[in-house]
1. Cβ-Cβ under 6 Å, sequence separation 6+ or interchain: first residue in the range 1-19 and hydrophobic (A, V, I, L, M, F, W, C), partner assigned to a helix (DSSP H, G or I) and modelled with pLDDT of 90 or more. Which pairs?
2. Output the residues belonging to the range 25-65 that are acidic (Asp, Glu) and more than 15 Å from the chain's Cα centre (by Cα).
Amino acid sequence: MSVKGLFKIRFISHYTSIFKKDGLKGVFKEGGWKVLFYFFMFYLIRDTILYIIIPYLIVKGIIVK
């Protein structure tokens, strides 16, 4: 298994192959709004950690002293 394959989730790779074959319409036809919800939640959680929690902890001196 390559390093690139370590970070791919089976769910994501399934919809990636559908996107390559049928485009965005195919993804929504296959997965429905579930795919859009997961996509939104992933970026919401990631950006909250990166841009709110980590800077807050740095300012408070908890992470870097």
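The values are calculated or read from the model by the stated rules, or taken from the named source; none is laboratory data. Quick caveat: nothing in here was measured; it's all calculated off a predicted structure. Quick reminder, even Gly has a Cβ in these numbers, built from the backbone with ideal geometry, and neighbours come from all protein chains shown.
1. ILE18/GLY26; ILE18/VAL27; ILE18/GLU30; PHE19/VAL27
2. First, the residues of the range 25-65 that are acidic (Asp, Glu): 30, 47.
The one that is acidic (Asp, Glu) and more than 15 Å from the chain's Cα centre (by Cα): GLU30.
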